[in-house]
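A.B. asks: My questions will all concern the structure given below.
Taken together, the values in this text are just the output of simple stated rules run on the coordinates, not laboratory data. Note that the structure is predicted; figures quoted are calculated from it, not measured. In this analysis, Cβ positions are derived from the backbone assuming ideal geometry, glycine residues included, and neighbour counts consider all displayed protein chains.
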Amino acid sequence: MLPSRASVLVLGGGPAGFMAAITAAEAVGTAGGGVIVLESTSEPLHKVRISGGGRCNVTHACWDPRVLAEHYPRGGRALRGPFSRFASGDTVAWFEARGLQLVEEPDGRMFPCSNRSESVVDALRQAAIRAGVAVHTGQAGQAAEALEGGGFRLRLRSGATVLAERLVLATGSHPSGHRIATSLGHGLVEPVPSLFSLSLGDHPLADLAGVAMDPVQLELLLPPAAEGSPPPPRDAHLRQRGAVLITHRGLSGPALLRLTAFAARDLRMCRYRAELRVDWSGGRPPAELERWFAEARRDQARRLLGNWRPWPDLSRRLWRHLLERHGLGAELRWADLPRRGEQALITALRNSRYRIAGRGPFGEEFVTAGGVPLAEVNLATMESRRCPGLHLVGELLDVDGVTGGFNFQHCWSSGWLAGRALGAQRMCS
Ligand SMILES: Cc1cc2nc3c(=O)[nH]c(=O)nc-3n(C[C@H](O)[C@H](O)[C@H](O)COP(=O)(O)OP(=O)(O)OC[C@H]3O[C@@H](n4cnc5c(N)ncnc54)[C@H](O)[C@@H]3O)c2cc1C
């Protein structure tokens, strides 16, 4: 039964909402009753369940709050404060204290040791039950009103209303949460997609779908700004280095997704039309490539170009593709490689340019950039600076991270800070 009153009402049963509700309820111990979560769908924590390809990349093994904050294209520096109070190490300890062990992969991503996202869902649900949090599903919040003497009246889509002393908005990127936040006095940074792959149209590179190269250096070349509009920023974030995957539509992989996350707004502004400079050699100096070519010419003179790559980690399929693009037969011997052909290959390896034809499908994480500006929130408590008693957490805020567990980390951090502040207030009242 949906209560008509609650001391803390958390709207949205995602990871940020659960963390806020559990922390608030745990803080007041047996008096935990009165913390409720309202979730519009029948399945709370849905994104946790489908996350990380069904494995849930819970956080990232990045222990320094300053370094952690660098993984957020929106948020960045402002997150140093929240992360100095609750960061990846605290997440690991928090889940461990609730019976869930996380393990680190070589690239720093952290998953439950069962390798199943269901374990994370279970851990959160069990912790909520133990703390006395009541989760009500199929309850969509539609409008909220701040009451004169303090507290809130929340109207649900069903027509029911609930009075709450404190309201936590944890609705992710859903427009209904944005509407409620703006009706309570908040601004909204336009939500745009982040973390997507890039389409190269019908470029022949698509024939190499499945080829992965690491490291590759990428640089996004944005078109000049239209007259009268501000020039697009050209900062270091428009360059990324790391693993790249060729897909049947274009390019993806961690480095590419990092690039599109940092450039999410710029790419949107130019309607996903720009140029991408790809250094397949991973940023090796030209002299090093020239030396490799000279060695291959001398030591592998009788070998065919198609059978001997200048360095072993260069994908055979990519090498053959570049030979073909430059009219150099794979059957040519290394000794017979013309100087001009060699220069063309070195340039192609270091500086291939691709016209971006559009936004590809999303990476394995899909997040929204934009939301309620961080400046409107007290980042020690996640309480609104515009509407006392209202707390805002998770993806609803103008924060998003790159792939690797950073998006959940922000949910755990912001949810915990809000929950702790709410718990402390309830203890005092
Ligand atoms: C396929 C996929 C895979 C991902 N994998 C990862 C990963 O491995 N690691 C990682 O760090 N990040 C991952 N992410 C990103 C991560 O899931 C999100 O950043 C995170 O879920 C945001 O949490 P949240 O609690 O703010 O919002 P959400 O998870 O979106 O939860 C909000 C909840 O509020 C409910 N709601 C919305 N409006 C209302 C309303 N008006 N009334 C009541 N309820 C409402 C929604 O139904 C939802 O349950 C992934 C995302 C996707 C889509």
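A.B. asks: Just in segment 269-299: which trypsin sites (Lys or Arg not before Pro) are loop by DSSP and have at most 13 other Cβ atoms within 10 Å? List each step's numbers first, then the result.
C.D. replies: Numbers: sites: ARG271, ARG273, ARG277, ARG291, ARG297, ARG298; in loops: ARG271, ARG273.
Answer in residue order: ARG271, ARG273.
A.B. asks: Oh, and also: Angle, helix 286-299 long axis vs. longest principal axis of the chain, Cα atoms, 0 to 90°, nearest 10?
C.D. replies: 50 degrees
A.B. asks: With charges set only on the Cβ (+1 for Lys and Arg, -1 for Asp and Glu), what does the dipole of the chain come to about its Cα centre, in debye to the nearest 20?
C.D. replies: So the magnitude is around 640 debye.
A.B. asks: Now for a different question. Would you mind checking the tilt of helix 88-97 against the longest principal axis of the Cα atoms of the chain, expressed as 0 to 90 degrees and rounded to 10?
C.D. replies: 50 degrees
A.B. asks: Here is a follow-up. Test of understanding: express the Cα radius of gyration of the chain as a ratio to 2.2 N^0.38 Å, with N the residue count.
C.D. replies: 1.16
A.B. asks: Of all beta bridges DSSP finds with both residues in the chain, what is the antiparallel percent, to the nearest 5?
C.D. replies: Counting DSSP beta bridges with both partners in the chain, the antiparallel share is about 70 percent.
A.B. asks: Suppose only helical runs count, i.e. DSSP H with n ≥ 4. What mean residue ellipticity at 222 nm does that imply for the chain under -39500 (n - 2.57) per run, divided by all residues and rounded to the nearest 500 deg cm²/dmol?
C.D. replies: Helices in the chain give a 222 nm mean residue ellipticity of -9500 deg cm²/dmol.
A.B. asks: Can I ask one more? Can you give me the C-alpha center-to-center distance between segment 289-307 and segment 90-145, rounded to a whole angstrom?
C.D. replies: Here the two parts' Cα centres lie 54 Å apart.
A.B. asks: Assuming a viscosity of 0.692 mPa s and a temperature of 37 °C, what translational diffusion coefficient in µm² per second does Stokes-Einstein assign to segment 286-352, Rh being the Kirkwood radius over Cα pairs?
C.D. replies: Values: Rh = 11.6 Å.
The diffusion coefficient I find is 282 µm²/s.
A.B. asks: Helix 406-428 versus the longest principal axis of the chain: what angle, 0 to 90°, nearest 10, using Cα atoms?
C.D. replies: With both axes taken from Cα atoms, the answer is about 20 degrees.
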